[in-house]
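Q: Dumping the structure here so I can ask a few things about it.
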Amino acid sequence: MKTLKFIVLALMIVMVSACSPFVITSSSGGPSTPVVEYEPASVDSETTGYTPVVIDSVEVEVGVGSPIPVFVHINGNLPDTCAQVEFVEQKQDGANFIVTVSTVPSKDAACLMDALPFRMSIPLNVLDLPVGSYTVEVNGSRADFEIENSVSTGELRTLEMPTYKDDIQVDDVSMNIGVGSPIPVQAIVSANLPKHCGQLGEVHLKRDGNTFFVRLIAELPAQTDCNNDSLPFRLEIPLNIVNLPEGTYEVNVNGAVTSFDLPVR
C-alpha cells in the first residue's frame, strides 16, 4: 500500500511540472538561489487554474513610425493584495485580437480580498495587416482601431490557421516605479520578435522568493513567406509589491535581469 501511494504521488508531481512553461529550482551547496528551467516553447502551455482578471478599460494607441508602433493599454484589477498578473495570451481571429489576462487568486490568510488596480501595455504587430478596421478584446472589454496605411495585401489570420511558438530575445529590462498607494511598479522590456510576421503570444510570470521570473513566447504563423528579420517591440509588465518584505528583488525576463529595492527610495 505504501508503494502504491508513493507511485501515485510521484505521478502527480510529474503532471504538475508538465503544466508549467518553466520550472523554478534551487542550486545546491550554499544559499538557495532560484534558477529558471524552461520547457520548449513549441509545447502548448497549460492554463488550468488561472482566473481572468476584471478589466476596467482598454485603449489602443496607434503611433507614428516604421514599422507603425501599436500598443494596447489595459487597466484592470487583481482580486487580492497578493495576486500577480501571471498569464497573458494573445490570439488573432480575422480582424479581432483576443487577449486574455489571468491570475491565480491567493488563499493566504494574510492577503486582503480587495481589488488591486494595475496597468499593463502590450504591443501589437500590425506590419502584416492590410488597411482596415480592427478590434482588440481583453477579457470581454473592447477597443477599436484603424490601419490606414499598409502595403500588406495578405490574408488575415484566423484561429484555425496553424501556428508555432518560439522564444523571444530580450535586449534589456528596466524598472519604472511610480508614486501612489499602492506604489505602481512596472518592468519595461525591450525585446525582439523572431520574425516580421510574429506576435507576442504569451507572457508568463512567477515570483519565487525575491525573484520575478517572466517568460515571453512569440506566436508565428506556420508559413514560409515570412520575413526572417527580427522585429523590436516594447512591453510594460505590472509587478505587485504589496505585502513584500524589504530587500533587493530581481526581475528575470528570458534571461535578461534587472533589480530594484524595497522599500522604494
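Q: Could you name the aspartates and glutamates in cross-link range of Lys107, using Cα to Cα under 14 Å and dropping any fewer than eight places away on the same chain?
A: Excluding near neighbours in sequence, the set is Asp80.
Q: Which net charge results when you count Lys and Arg as +1 and Asp and Glu as -1 among the other residues whose beta-carbon is under 15 Å from that of Val253?
A: Numbers: positive: Lys206, Arg207, Arg215, Arg234; negative: Glu86, Asp167, Asp171, Asp172, Glu202, Asp208, Glu236, Glu250.
So the environment of Val253 carries a net charge of -4.
Q: Report ³J(HN,Hα) in whole Hz for each residue of the stretch 226-233, in order, from the Karplus equation J = 6.51 cos²θ - 1.76 cosθ + 1.60 where θ = phi - 60°; Gly and Pro get x.
A: Rounded to whole hertz, the list is 8, 5, 7, 6, 6, 10, x, 8.
Q: List the residues, sorted by chain then number, that are 5 or more residues from Glu86 or on another chain and whose placed amide H is less than 5 Å from its amide H.
A: Those qualifying (amide H under 5 Å, at least 5 residues apart or on another chain) are Ser102, Thr103, Val104.
Q: Same structure again: Considering amide H positions built from the backbone, and no H for Pro or chain starts, which residues 5 or more places from Thr163, or on another chain, come under 5 Å of its amide H?
A: So Thr163 has HN proximity to Ala222.
Q: In sequence order, what are the phi-derived ³J(HN,Hα) couplings for the stretch 204-221 according to the Karplus relation 6.51 cos²θ - 1.76 cosθ + 1.60 with θ = phi - 60°, rounded to whole Hz, with x for glycine and proline?
A: These are the phi-based 3J(HN,Hα) values: 10, 9, 9, 9, 10, x, 9, 10, 9, 9, 10, 10, 10, 10, 8, 10, 10, x Hz.
Q: While we're looking at this one, here's another question. Whole angstrom only: what separates the Cα centroid of the stretch 155-173 from the Cα centroid of the stretch 209-257?
A: The stretch 155-173 and the stretch 209-257 have Cα centres separated by 14 Å.
Q: Output the peptides 133-142, 212-221 sorted from most to least packed, where packing is the average of other Cβ atoms within 10 Å over each peptide's residues.
A: Numbers: 133-142: 16.6, 212-221: 21.9.
Highest-to-lowest ranking by the protection proxy: 212-221, 133-142.
Q: Asp80's amide H: which non-local residues (gap 5+, or another chain) put their own amide H closer than 5 Å, with H modeled 1.01 Å from N in plane and none for Pro or chain starts?
A: Leu116
Q: On full extension of the chain, what length is gained from Asp171 through Ile183, given 0.36 nm per residue of separation minus the C-alpha to C-alpha distance?
A: Values: separation 12, 0.36 × 12 = 4.32 nm, distance 2.60 nm.
The span from Asp171 to Ile183 would gain 1.7 nm if fully extended.
Q: Okay, next question. Which net charge results when you count Lys and Arg as +1 and Asp and Glu as -1 among the other residues whose beta-carbon is under 15 Å from that of Ile98? Could you put the intermediate results ahead of the total?
A: On the way: positive: Lys91, Arg142, Arg157; negative: Glu89, Asp93, Glu137, Asp144, Glu160, Glu202, Glu219.
Taking every other residue near Ile98 into account, the sum is -4.
Q: Run the reach check for Lys165 against aspartates and glutamates, Cα to Cα strictly under 13 Å, same-chain hits fewer than 8 apart removed. What comes back?
A: Here the aspartates and glutamates satisfying the reach criterion relative to Lys165 are Glu39, Asp44, Glu89, Glu202, Glu219.
Q: Compute the length gained on full extension between Ala109 and Leu159: take 0.36 nm times their separation in residues and subtract their Cα-Cα distance, giving the result in nm to one decimal. If you can, show how the numbers build up before the last one.
A: Values: separation 50, 0.36 × 50 = 18.00 nm, distance 4.05 nm.
Stretched fully, the Ala109-Leu159 segment lengthens by 14.0 nm.
Q: Then there's this: Placing unit charges on C-beta atoms (Lys and Arg positive, Asp and Glu negative, everything else neutral), compute the dipole magnitude of the stretch 77-117 about its Cα centre in debye, rounded to 20. Mind dumping the intermediate values first?
A: Working: 2 positive and 6 negative charges, 12 e Å.
Here the size comes out at about 60 debye.
Q: At a Cα cut-off below 13 Å, give the aspartates and glutamates reachable from Lys206, other chains included and same-chain residues fewer than 8 away excluded.
A: Glu37, Glu86, Glu250
Q: Between Asn228 and Val131, what length comes free when the chain is fully extended (0.36 nm per residue of separation minus the Cα-Cα distance, one decimal in nm)? Mind showing how you got there, number by number?
A: Details: separation 97, 0.36 × 97 = 34.92 nm, distance 2.27 nm.
Full-extension gain reported as 32.7 nm.
Q: Taking 8 Å as the Cα distance limit and 6 or more residues as the minimum spacing, I'd like the relative contact order of the stretch 144-213 as a percentage. Walk me through the numbers on the way to the answer.
A: Numbers: 50 pairs, mean separation 15.6, N = 70.
Normalised by residue count, the contact order of the stretch 144-213 is 22 percent.
None of the figures in this text is laboratory data; all of them are computed from the coordinates on show. All values derive from a computational prediction rather than experimental measurement. No Cβ is skipped: glycine too gets one built from the backbone with ideal geometry, and neighbour counts run over all protein chains shown.
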